[in-house]
Amino acid sequence: MAKDENHHVIVEKIILEGRHGPYGVARFLKLGSVTFSLKPPVWNEADFPELGSYVILSQVRKKRAGWYAKHGRHVVPSDEQPST
């Protein structure tokens with residue numbers, strides 16, 4: 001998996017009081033669950049995503065505990081536009 005590839009995923013869980021702070025869990029069709037921190041520098045948005053919302057995760061890596069993303073953000077309208 002390319003480290004700079006953007007992945008549109010749906011948020012399945014938000015954990016506000018995790019061991020290392022707040023984090024989200026999203027589902028990849030091929031990989032299964034992927035976690036992402038909701039603290040900077042991973043998540044730099046003003047608000048957390050909602051359950052069922054789409055987010056973009058990138059720099060996905062695998063550890064012994066499973067897949068995680070090093071960067072996440074909300075999907076915005078320009079993400080849906082075809083590139084020219």
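Coordinate-derived values only; no laboratory data. For clarity, every value in this text was computed on a predicted model and none was experimentally measured. Note that we place each Cβ from the backbone using ideal geometry, even for glycine, and neighbour counts take in every protein chain shown.
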field: Relative contact order, percent, the chain [alpha-carbon distance under 8 Å, six or more residues apart]
entry: 30
task: Could you point to the residue in Pro49, Ile10, Phe28 farthest towards the positive end of the range 7-71's charge dipole, with +1 and -1 charges on the Cβ of Lys/Arg and Asp/Glu respectively?
output: Phe28
- prompt: For the chain: lysine pairs with Cα atoms under 14 Å, gap of 8 or more or different chains, count?
  reply: 5
message: What percentages make up the Cα-Cα pair-distance distribution of the chain when the bins are 10 Å wide from 0?
response: 18, 56, 23, 3, 0
task: Nearest 5 is fine: what % of DSSP beta bridges in the chain come out antiparallel, could you say?
output: 85
- prompt: How large is the charge dipole for the chain, taken about the Cα centre, if only the Cβ atoms of Lys, Arg (+1) and Asp, Glu (-1) carry charge, to the nearest 20 debye?
  reply: 640
query: What is the magnitude of the charge dipole of the range 8-48 about its Cα centre, with +1 placed on the Cβ of each Lys and Arg, -1 on the Cβ of each Asp and Glu, and no other charges, expressed in debye to the nearest 20?
result: 220
- request: Within the chain, report the trypsin sites (Lys or Arg not before Pro) that DSSP leaves as loop and that have at most 12 other Cβ atoms within 10 Å.
  value: Lys3, Arg19, Lys30, Arg64
- request: Could you tell me which GluC sites (Glu not before Pro) in the chain are loop residues by DSSP with no more than 13 other beta carbons within 10 angstrom of their beta carbon?
  value: Glu5, Glu17, Glu45, Glu50
